[in-house]
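Undergrad: I'd like to ask you about the structure that follows.
Where a number appears in this text, it was derived from the coordinates with a stated rule and is not lab data. No experiment lies behind these values; they were computed from the predicted model shown. FYI the Cβ positions are ideal-geometry reconstructions off the backbone, even for glycines, and counts take in every protein chain you see.
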Amino acid sequence: MKISAVNENSVIIYFSDVVTPETAGEIASAVPVIQSQLKEHVVDIIPSYTSILVSFDLVSIGLREFTQRLQHTLSRAKKISRKLEAKTIELPVYYGEEVALDADEICEHTGLTFEEVINIHASTTYRVYAIGFAPGFAYLGNTDSRIEIPRKQTPRLKVPAGSLAIADRQTAIYPKQSPGGWQIIGRTPVSLIDFERENLTVFEMGAQVTFTRIDKATFLKMGGVLLPEALSEQREVA
Amino acid sequence: MTLRILTPGPLSLLQDLGRYGHQSIGVSTGGPMDEHAFLWANRLLSNECNATQIEVTMGQFSCEFYAKTTIAITGADMGAKLNDQAITPWQSYLVKQGDRLTLSTAKSGMRSYLAVKGGFQVPTPLNSSATVMRDALGGLQGSGSKLEARDLVRYSVGKPELVKRVPPHFIPSYDQTVTLEVIPSYQYQDFTVEQRERFFSSTYTVTPKMDRMGCRLAGEPISCQRKTLVSEGIALGAIQIPADGQPIILLRDRQTIGGYPKIGCVTSKGLSQLAQCLPGAKIQFVEKDLYQAEADRAIEQQFFQSYVGKANHSKIEVEESS
């Protein structure tokens, strides 16, 4: 573990150079420890794959002292990480042709039928490695190497909210309609971000995520939207 | 009581110091691009540091006050007029019901701040009024919209404040040739000595590709030995070096994580200077010692926080009618 200052009031903690479930677990357990032990100083905290960026209030503490306190706090956090029990989040997904916008491209690239792609995607348990890009956008890994696929050459201008996508060895859901270049394989009816809700997003760092396949009727019953008008717009873009 | 926006100009946004504590789920902080000017506007009115103001970008802004109050204008000089009378920025003014403020175009710089006594009273989703359009958060309705003509922005009616002026020593000139202080950090060690020298000895130009998220520069390309980097948290002022070698300085509305190598961070003082630079401005970088930068920043923050509540204990009278 290495702690370095990045600007006047922020430090970055590097836990490892490689992305592994163990590192994700260590980071997930360190975040609440930093938040509770140093809460009078911490302004914001950004966990990612192998690091945590922490900004603090310079009026209450100096850079040197904050770094020392952090070091001390984290040496204790390591013991806690072994006990961590990751939360499991189960999300329903409709993999139907109306919403799997890149099914053809994925099949062509992988040489699999879309049914095979779905089976592989839905039978893997993922970890939340990072949250970013947009509010509530969680980077989940790793996908099975058989369905590895690069991002689209030209990103879509509008990816519908709830779209489940894959890129490289990762999978993610777009919480809100936004531009995006990942390959879309399905859609969840679950609302992923709500600024009115206490915990804002269903994801948290280090959590385990599984996808459950649902049919169209269930998708619609759960409030899922097929958005035909958005689809036609996208065909124009592509 | 309200302020009525007559013309919003290209971009006028409600901002406080920013939205903190939610970057872990990908929410950008937002906040004033020129924090120095923002903090002075609140100080002129003995407001809390975090009181909400209007950040006017590129001028063409006008508004009408529906109740008396004291206002302050800081930042770029946009030829402000109060009821057709020219007024200068970095000063507070008393306004009466029906007074009109107009800002035309900036003589130098590009952002002005308009503060009212007690701050504008707007929703604070996730504890901040800061407008981040991309995240659909903050602003007049809380949903990330910029100000539009006919918008009504609430404020409280206060006892008239003493009219104050910022000491000239603290008023920047908004030159379009600036030297920004850089704290070497992040992947600094992954840039060769030669590349670092090139970075610190070159002059870069601000391109038109600049917004509240980041400022793209053009000039001598810099290369990093490290080609792959696992995405990590991006601090305010981080200088990203993408594959084309052209630096991007990340600003208030930056994304929370990213995977480009970073040579260091521009200091908060430098970011306030950069906030007033137009496309075409010339930028040079100079290395700044981390602990010196920290001390400068701490002194500045203490200076702006120390006066709050001491200068004026008068009660704010809230009038509901308009």
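Undergrad: With only alpha-carbon atoms in the gyration tensor, what are the semi-axes of the equivalent ellipsoid for chain A, in Å, largest first?
TA: Equivalent-ellipsoid dimensions as semi-axes: 37, 18, 17 Å.
Undergrad: In whole Å, what three semi-axes, largest first, describe the equivalent ellipsoid of the stretch B:62-104 built from its Cα gyration tensor (square root of 5 times each eigenvalue)?
TA: Numbers: eigenvalues 53, 26, 12 Å².
Three semi-axes, in Å: 16, 11, 8.
Undergrad: Decide, for the stretch A:158-234, between rounded, prolate and oblate: order the square roots of the alpha carbon gyration tensor eigenvalues as a ≥ b ≥ c, take rounded if a/c falls under 1.5, and otherwise choose prolate if a/b is larger than b/c, else oblate. Don't skip to the end; give the middle numbers.
TA: On the way: a/c = 1.37, a/b = 1.19, b/c = 1.15.
The shape class here is rounded.
Undergrad: Between the stretch A:121-183 and the stretch B:1-57, what is the C-alpha centre distance in whole Å?
TA: A separation of 33 Å, based on Cα centres.
Undergrad: For the charge dipole of the stretch A:54-175, defined by +1 on Lys and Arg C-beta atoms and -1 on Asp and Glu C-beta atoms about the Cα centroid, which residue among A:Leu74, A:Gln170, A:Asn119 has the Cα displaced farthest towards the positive pole?
TA: So the residue we want is A:Leu74.
Undergrad: Let me ask something else. Can you work out ³J(HN,Hα) from phi for every residue in the stretch B:263-269, in order, using Karplus 6.51 cos²θ - 1.76 cosθ + 1.60 and θ = phi - 60°, giving whole Hz and x for Gly and Pro?
TA: Along the stretch B:263-269, the couplings run 8, x, 10, 6, 5, 5, 4 Hz.
Undergrad: Report D for the stretch B:2-94 in µm² per second (integer): Stokes-Einstein, Kirkwood Rh on Cα pairs, 37 °C, 0.692 mPa s.
TA: Values: Rh = 14.3 Å.
Answer from the Stokes-Einstein relation: 230 µm²/s.
Undergrad: Next question. Based on the Cα atoms of the stretch B:199-250, what semi-axes does the equivalent ellipsoid have, where each is the square root of 5 times one gyration tensor eigenvalue, given in whole Å with the largest first? Show your work: numbers first, answer last.
TA: Values: eigenvalues 63, 49, 16 Å².
Result for the stretch B:199-250: semi-axes of 18, 16, 9 Å.
Undergrad: In degrees, nearest 10, range 0 to 90: what is the angle between the Cα axis of helix B:35-44 and the longest Cα principal axis of chain B?
TA: 20 degrees
Undergrad: Same structure, new question: Which listed residue (B:Ile239, B:Met78, B:Leu250) has the Cα farthest towards the positive end of the charge dipole for chain B, taking +1 on Lys and Arg C-beta and -1 on Asp and Glu C-beta about the Cα centre?
TA: Positive-end residue among those listed: B:Met78.
Undergrad: Turning to a different aspect of this structure: For the stretch B:81-125, what value does the Rg/Rh ratio take when both radii are computed over Cα atoms and Rh is the Kirkwood radius, given to two decimals?
TA: Values: Rg = 12.6 Å, Rh = 12.7 Å.
Here Rg/Rh amounts to 0.99.
Undergrad: In peptide B:124-131, what is the residue-averaged number of other protein chain Cβ atoms found within 10 Å of each Cβ?
TA: Numbers: counts 0, 2, 3, 0, 0, 0, 0, 0.
So the per-residue partner count for this stretch is 1.
Undergrad: Hey, what's the Kirkwood Rh for the stretch B:1-49 if you take every pair of different alpha carbons, in angstrom?
TA: Numbers: mean 1/r = 0.0769 Å⁻¹.
For the stretch B:1-49, the Kirkwood estimate is 13.0 Å.
Undergrad: Still on this structure: So what is the orientation-averaged projected area of the stretch A:35-146, using the convex hull of its C-alpha atoms, in nm²?
TA: 9.9 nm²
Undergrad: Taking the Cα centre of the stretch B:130-285 as origin and charging only Cβ (+1 Lys, Arg; -1 Asp, Glu), how large is the dipole, in debye to the nearest 20? Display every interim value, and only then the final one.
TA: Working: 19 positive and 14 negative charges, 86 e Å.
The calculation lands at about 420 debye.
Undergrad: Taking every residue in B:255-262, how many Cβ atoms of other protein chains lie within 10 Å of its Cβ, on average?
TA: Values: counts 4, 11, 12, 3, 2, 0, 0, 1.
Per residue, the number of nearby Cβ atoms from other chains is 4 on average.
Undergrad: Using the crude model of +1 on Lys and Arg Cβ and -1 on Asp and Glu Cβ, and no other charge, please compute the dipole size for the stretch B:234-291 relative to its Cα centre, in debye to 20.
TA: Details: 6 positive and 4 negative charges, 26 e Å.
Computed charge dipole of the stretch B:234-291: roughly 120 debye.
Undergrad: Once you treat every alpha carbon in the stretch B:203-314 as an equal point and sum by Debye, what is log10 I(q)/I(0) at q = 0.10, 0.14, 0.18, 0.19 Å⁻¹?
TA: The Debye formula, applied to the Cα set alone, gives -0.36, -0.64, -0.96, -1.04.
Undergrad: Same structure again: Take B:Lys159, B:Lys117, A:Lys39, B:Lys164 and order them by how many other Cβ atoms sit within 10 Å, fewest up front. Before the final figure, lay out the partial values.
TA: Working: B:Lys159 13, B:Lys117 28, A:Lys39 8, B:Lys164 17.
Going from least to most buried by this count: A:Lys39, B:Lys159, B:Lys164, B:Lys117.
Undergrad: How many Å³ per residue does the convex hull of the Cα positions in the protein assembly as shown occupy?
TA: Numbers: hull volume 88.8 nm³, N = 560.
Measuring per residue, one finds 159 Å³ for the Cα hull of the protein assembly as shown.
Undergrad: Same structure again: Most exposed first by the Cβ proxy, i.e. fewest other Cβ within 10 Å, how do B:Ile25, A:Ile89 rank? Provide the component values of the computation, followed by the final result.
TA: Numbers: B:Ile25 24, A:Ile89 18.
Fewest-to-most Cβ neighbours within 10 Å comes out as A:Ile89, B:Ile25.
Undergrad: To the nearest whole number, what is the average tally of beta carbon atoms from other chains within 10 Å of the beta carbons of peptide B:24-36? Mind showing how you got there, number by number?
TA: Values: counts 16, 16, 15, 10, 3, 3, 0, 0, 0, 0, 0, 0, 0.
Rounded to a whole number, the mean comes out at 5.
Undergrad: Quick one, can you get me the convex hull of the C-alpha atoms of the stretch A:107-238 expressed as volume per residue in Å³?
TA: Working: hull volume 15.1 nm³, N = 132.
Hull volume over Cα atoms, normalised by residue count, gives 114 Å³.
Undergrad: Could you give the distance between the Cα centres of the stretch B:198-269 and the stretch B:156-172, to the whole Å?
TA: Spelled out, the Cα-based centre of one part sits 36 Å from the other.
Undergrad: Let me ask something else. Which part of the stretch A:45-67 falls in the paramagnetic zone of B:Tyr291, meaning amide N under 17 Å from the point 7 Å along Cα-to-beta-carbon?
TA: A:61-67
Undergrad: Right, something else. Put +1 on the Cβ of every Lys and Arg and -1 on every Asp and Glu Cβ in the protein assembly as shown; which of B:Leu278, B:Thr52, A:Gly180 then has its Cα farthest towards the positive end of the dipole?
TA: Result: B:Thr52, furthest along the dipole toward the positive end.
Undergrad: What ranking of A:His72, A:His41 emerges when the number of other C-beta atoms within 10 Å of each C-beta is taken as an exposure proxy, fewest first?
TA: Details: A:His72 12, A:His41 20.
Final ranking by Cβ density, sparse to dense: A:His72, A:His41.
Undergrad: Take the stretch B:11-162, compute every pairwise Cα distance, and split them into 10 Å bins from 0; I just need the percent in each bin.
TA: Computed distribution, short to long bins: 12, 44, 35, 8, 1.
Undergrad: Cα-based Rg (one decimal) and Dmax (whole number) for the stretch B:95-186, in Å?
TA: Cα only, the stretch B:95-186: 17.4, 52 Å (Rg, Dmax).
Undergrad: Apply 1/(1 + (r/R0)^6) to the Cβ-Cβ distance of A:Phe114 and B:Ser223, taking R0 = 51 Å, and write down the FRET efficiency to the nearest 0.05.
TA: Working: r = 41 Å, r/R0 = 0.81.
About 0.80, to the nearest 0.05.
Undergrad: If I take every Cα pair under 8 Å that is 6 or more residues apart in chain B, average their sequence separation and divide by the length, what percent do I get for the relative contact order? Don't jump to the answer; show the numbers that get you there.
TA: Working: 869 pairs, mean separation 69.2, N = 322.
Relative contact order comes out at 21 percent.
Undergrad: Could you work out how far the C-alpha centroid of the stretch A:1-26 sits from that of the stretch B:74-94, in angstrom?
TA: 47 Å
Undergrad: Still on this model: Is there a quick way to get the dipole size of the protein assembly as shown? I mean about its Cα centre, with the Cβ of Lys and Arg at +1 and of Asp and Glu at -1; what is the value in debye to the nearest 20?
TA: Working: 57 positive and 60 negative charges, 218 e Å.
Using Cβ point charges on Lys, Arg, Asp and Glu, the protein assembly as shown gives about 1040 debye.
Undergrad: Using the Kirkwood radius over Cα pairs, work out the Stokes-Einstein diffusion coefficient for chain B at 25 °C and 0.890 mPa s, in µm²/s as a whole number.
TA: Details: Rh = 20.3 Å.
D, rounded to a whole number, is 121 µm²/s.
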